[in-house]
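The values are calculated or read from the model by the stated rules, or taken from the named source; none is laboratory data. As the structure is a prediction and not an experimental result, all values here were calculated from the model. With ideal geometry, Cβ positions are generated from the backbone for all residues, glycine too; neighbour counts draw on all protein chains shown.
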Amino acid sequence: MSTCSSNLFNVPEAMAFLTAQTSANEYDNNEELLQGLCAFIMGLCVVFNDNTVQNYNKENLSLLIEKRVGVGMYLGKLGEISRHEVYSKAAKQPQVRVKHSAEL
């Protein structure tokens, strides 16, 4: 995990995409899940950031979340993950049960 955020920062427009998705106001059930997952990835980038990429250090990413997304909206998007029906199903049965590998 220690190099994941640095590698992600090298993907052009990755943070712009994550920011746009996290701050979007789409209310489709699957869109809400995607927005929550993007918020989660942004959080991982802050937590596991080794500050080797100057424009994307912990402080700059925290400011990006605060100014562009908003702390309240960010926390709301994170909460959407646990309210999604797929998350509820996975929480009830955390073991994958399939008969064939094609079902994955």
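The table for this structure:
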item	result
Residue ID - surrounded by the most Cβ atoms within 10 Å (Cβ to Cβ), chosen from residues in segment 66-104 that are touching a Gly at 6+ places or on another chain (Cβ under 9 Å) and among the charged types (D, E, K, R)	77
All helices (runs of 4 or more DSSP H) inside segment 1-52 with 2 or more residues being in contact with a Ser or Thr (Cβ under 8 Å, 6 or more places away or on another chain) and at pLDDT below 90	none
Members of segment 10-66 that are of a type in the set (Asp, Glu) and closer than 24 Å to residue 84 by Cα	26, 28, 31, 32
Residue within segment 65-83 that is part of a loop (DSSP other than H, G, I, E, B) and either modelled with pLDDT of 95 or more or among the acidic types (Asp, Glu) (or both) present	yes
